[in-house]
Structures are given as C-alpha cells and as structure tokens.
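Chemist: Sharing a structure below in structure tokens format, with a few things to ask.
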Amino acid sequence: MYILKKEPERWHEWLCTFSLHRNTRLLTVAPGGLPCLHGIRALSVLWIIMLHSSLQLRHHSVNEKDISENVSSEQRYLGVAAGHLAVDSFFVLSGLLLVYTSAGKTESLSLRNLPRFYLIRYVRLFPLLAAAVLLRAAEPRVTDGPTAVDRAQEPVRCRKYWWSALLHVQNIVNPREMCLGHSWYLSVDMQLYVVSALLLCAAGRRVWPALGAAALASTAAALAFCFYYNFHDTTSDLPRNWSLESTTVYWTWYYYNPIVRSPPFFIGMLLGYSLYILKTEKLHLPKWSIWLCYSGALMLSLLVMLADHPGMRAFFHEHQAARNAKLALYRSCWALALGWLIFACTQGYGGPVNWFLSLGLWRYVARVSYAMYLFSNILQEEPDATGGVNYYDMHTLLWRFSGDAAAAVVLSTALIVLVEAPLHTLLAPLLKPRTTQKS
C-alpha cells in the first residue's frame, strides 16, 4: 500500500505506454524537414511490394510458359522487374538522413559517445524486427496448406538463427539460411551505419574529403569485387552449364554484400551533407544546367531499368566485362539520378515533381514504410501457402498489389500502435545521455 501511494504517477505513466489513443497520435508526421523524401520513401516501399506481388503471383501461375516467352519482354513489365532498385533508394535515404540530421554534431562525435549513437539506431529498429522474427518463427502454427511444407523452411531457420537477424549479421554469418530473407537490407544498412559513424568520427571538420573519398573508394571496391568474381546476373542470364550453386553464389556473395551495396549509401551521405550546408540558402543554377542535369538523371535511370530487358541481358551474357561493369556501377547510377532529383526538389527546382512527392498522402505511408517492408512479404506468402493457382497478367497483378498494399498498411498501423510505440517508450530511458554532477 505504501508503494502504491508513494509512486502512483509512475504506475500511471507505465500504463499509458499501452494507451491506444496516445500511441495513435504518434503516427502523425510533423511538417517540415525534406517533404519530397516522404514521397520517395512511400513510392519505394510500394514498388517493393509490387515486385513481391509479381513474384508471388508467378509462383503458381497457370501461364508460366506465356510469362517466360512474352510477359518478360514487354516494356510495361520492366518497371515491375526493376523494383529491386527501390532498396538502393532506401540506402540513399539512409545515408542522406544520417548526415543531414547529425552533421551539426560531427565535431562532438567521438569514440566515447559512439555506443549511444549505435544504440539509438538499434533500438529504433528492434521492436518491429523482433515481432517479425517471432511471427515468422511461429508461422507453421498459424497457417497450413498444400505448399506449407516449402514455406516452413524459413520458420525453421528463424528458430535457429533468430539471433543473427536481431544482431544484423545474418548476411555474413548465415547468408544461405537467413531468417526473414528480405531483412538482409536491415543487416547491410546497420553495417554501413556502423562504418559511416566511424568515418564521421574520424573526419571531424574534414567532412567533404572524407565522404568524397568514401564514395570513390566504395565504387572502386565494388568494381574490383565484381571483376574478380565474374558474377552471373540472374537465373535468366546464366551460362549453359549453370548450377544451383552458381545462383546461390550470386545471392550470398553479391546481392547481400555490403561492399557492392555501399556506393549508394555514401552517395546519399554526400548529398545529405550538401543539403545541410545549403539548409539556410538556395543555390542559384542557370536553366541550361538544370535541364542538363534532369536529362542526365533521366537517361541514367532509364538505362538502369532497361538493363533487365531480354535484349540487354543477351548482350551482357556475351560480354562478361560489360556484365561486371553493370553489376558494379548501375546501382551507383541509380543513386546519382535519385540524388539529383532530391537535390532539385529541396533547392526549388523540382516543379511538379516536388509537388507530387510532397503531397500529404505520402506522409502516412512513409511513416509506416518500415513496418510495411518487414511484414508485407509475410502477408504476401500466406495465399501461396494455403494453395490456389493464379493467372499472371497486368490486371491481375494490379489487383493483387492493391490488396497486398492495403493489408500491409493496416497491419503496419496496428503493429506500430501495439508494439513499436510502447517498446520505444519503455526503452527510452536507455537512450538518455548520462549527466555528470559538478563538484
């Protein structure tokens, strides 16, 4: 009785962490910052969901032969197939926001306060990732069907390697048996976050040369890595004597590798520092240079997306050197094109593009995008696990995508309110800086 009378406010505060009314208000996004980033983040996660919808729809399609002969060569499906570039967009945004939000603190950033710097990032990602791992590990108890045996392989891996997913090392420790295969992005992002913080800590006031050297060094490392291993791009680009081992090498050694994924991240860091320097002023550019940059960005983005066209794949199949250069550089080209778009929008040269990306409807999707990325793939695999056949065409794909996206938004909202917001509140005392008493 004494304890309850002594600390009623603490009990009330603890119970309020689970208040639906309070946690729902945390879903609102405050105005300001860089509004165009909301649209880019929202469209990127929707692009990834569409790609996964396409892959799941083709999994049990009755027109697989028609897909292989006709659908893959049609121009309208190239945009869907290039959805993997949205992950590189996330790397650009991650590097940008890392520098843009902490550029003013680089002088005070030291080895002493790096653990707290990392802890803040880890706690931010932990609640929803832990919930996704737990859900995936318990999946055989949730669903069943004709193909549930195949789907049960990943839950088994989650029970065995859950720790590698939560520690963001699964792309290095167990790349062939990852828990939540699509969460490889979080592992690579955390690893690049650790390296970039060390880079900023060592740079001090020399941020420009440090970031420029990092971007060039990462690009050179990606080139050397790809030319050394001579990767084959996709299963449609494999030689006649291909084997399952060759596709596994591509995914484990190239696709999940932080070396080849780092250039977009460091390009985003360079962009973030540029925007931080120009936060209070506008860079005046002549019209011809603006149009030239827009034309170059458009050409780069189109070339990157057309690299998956069957005609281009045939060219890369015949020329290994060209394929190596493509695998090493086309993600950097995409990052440069996206970087110019962001720079133009923030400096007042975006026009209707900035208006579209800054629309209020993107704010909410961007707010729940992290949860959508984690849980949308789990939702999309449930219909296949319970059986059924599909017919793959654009109309069916759009219908499937709209349902997947809507379900992902609803589930993400519920998980943020019920899981992320309460845990962030409970873990907040760990993130408070320690205060030293003056003698």
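Chemist: Where residues in segment 241-258 are at pLDDT 80 or above and polar (S, T, N, Q), which of them is surrounded by the most Cβ atoms within 10 Å (Cβ to Cβ)?
Modeler: Looking at the filtered set, the residue picked out is 257.
Chemist: What are the residues in segment 295-309 that are in a helix (DSSP H, G or I) and in contact (Cβ under 8 Å) with a residue 12 or more places away in the chain, if any? Before the answer, list the steps.
Modeler: From segment 295-309, those in a helix (DSSP H, G or I) are 295-306; that's our starting set.
Matches in segment 295-309: 296, 297, 298, 300, 301, 303, 304, 305, 306.
Chemist: Then there's this: Tell me, please, whether a residue that is part of a helix (DSSP H, G or I) and loosely packed, with under 14 Cβ neighbours inside 10 Å can be found in segment 259-279. Before you say what the answer is, go through the steps one by one.
Modeler: Within segment 259-279, the subset part of a helix (DSSP H, G or I) is 259-277.
Right, trim to loosely packed, with under 14 Cβ neighbours inside 10 Å and you get 277.
Yes, because at least one residue in segment 259-279 is part of a helix (DSSP H, G or I) and loosely packed, with under 14 Cβ neighbours inside 10 Å.
Chemist: Have a look at 44, 61, 53 and point out the one that is surrounded by 15 or more Cβ atoms within 10 Å (Cβ to Cβ), modelled with pLDDT under 90 and closer than 27 Å to residue 94 by Cβ. First the steps, then the outcome.
Modeler: Numbers: 44 fails: modelled with pLDDT under 90; 61 fails: closer than 27 Å to residue 94 by Cβ.
Being surrounded by 15 or more Cβ atoms within 10 Å (Cβ to Cβ), modelled with pLDDT under 90 and closer than 27 Å to residue 94 by Cβ holds for just one of 44, 61, 53, which is 53.
Chemist: Okay, moving on. How many residues does segment 289-319 hold that are modelled with pLDDT under 90 and either out of contact with any Cys (no Cβ under 6 Å at 6 or more places or on another chain) or exposed (fewer than 12 other Cβ atoms within 10 Å of the Cβ) (or both)? Steps first, please.
Modeler: Looking only at segment 289-319, we keep the residues that are modelled with pLDDT under 90, and these are 302-319.
Adding the requirement that they be either out of contact with any Cys (no Cβ under 6 Å at 6 or more places or on another chain) or exposed (fewer than 12 other Cβ atoms within 10 Å of the Cβ) (or both) leaves 302-303, 305-319.
Residues that pass the stated criteria total 17.
Chemist: Please give the number of the condition residue 316 fails out of (1) touching a Leu at 6+ places or on another chain (Cβ under 7 Å); (2) under 21 Å from residue 228 (Cβ atoms); (3) of a type in the set (A, V, I, L, M, F, W, C).
Modeler: The single condition residue 316 does not satisfy is (1).
Chemist: Here is a check on your reading of the model: is residue 193 in a helix (DSSP H, G or I), aromatic (Phe, Trp, Tyr), modelled with pLDDT under 90 and surrounded by 16 or more Cβ atoms within 10 Å (Cβ to Cβ)? Show your work before the answer.
Modeler: Details: in a helix (DSSP H, G or I): yes; aromatic (Phe, Trp, Tyr): yes; modelled with pLDDT under 90: no; surrounded by 16 or more Cβ atoms within 10 Å (Cβ to Cβ): yes.
No, not satisfied.
Chemist: Same structure again: Report yes if residue 125 is at pLDDT 90 or above, part of a helix (DSSP H, G or I) and out of contact with any Asp or Glu (no Cβ under 8 Å at 6 or more places or on another chain), otherwise no.
Modeler: On the way: at pLDDT 90 or above: yes; part of a helix (DSSP H, G or I): yes; out of contact with any Asp or Glu (no Cβ under 8 Å at 6 or more places or on another chain): yes.
When the stated conditions are applied, residue 125 passes them.
Chemist: Which one is surrounded by the fewest Cβ atoms within 10 Å (Cβ to Cβ), of the residues in segment 332-372 that are among the aliphatic types (A, V, I, L, M) and outside any helix (DSSP H, G or I)?
Modeler: Applying the first criterion (among the aliphatic types (A, V, I, L, M)) to segment 332-372 yields 335-338, 341-342, 344, 353, 357, 359, 361, 365-366, 368, 371-372.
This time we only want the ones that are outside any helix (DSSP H, G or I), so: 359, 368.
Numbers: 359: 13, 368: 24.
Here the residue is 359.
Chemist: Can you name the number of the only condition in (1) in contact (Cβ under 8 Å) with a residue 24 or more places away in the chain; (2) under 25 Å from the mean Cα position of the chain (by Cα); (3) part of a helix (DSSP H, G or I) that residue 402 fails?
Modeler: Condition not satisfied by residue 402: (1).
Chemist: Looking only at segment 171-190, which residues are touching a Lys or Arg at 6+ places or on another chain (Cβ under 9 Å), surrounded by 18 or more Cβ atoms within 10 Å (Cβ to Cβ) and farther than 18 Å from residue 378 by Cα?
Modeler: Passing the criteria: 188, 189, 190.
The values are calculated or read from the model by the stated rules, or taken from the named source; none is laboratory data. Only a predicted model underlies this, so the values are computations on that prediction, with no experimental measurement involved. We place every Cβ from the backbone using ideal geometry, glycine too, and count neighbours over all the protein chains shown.
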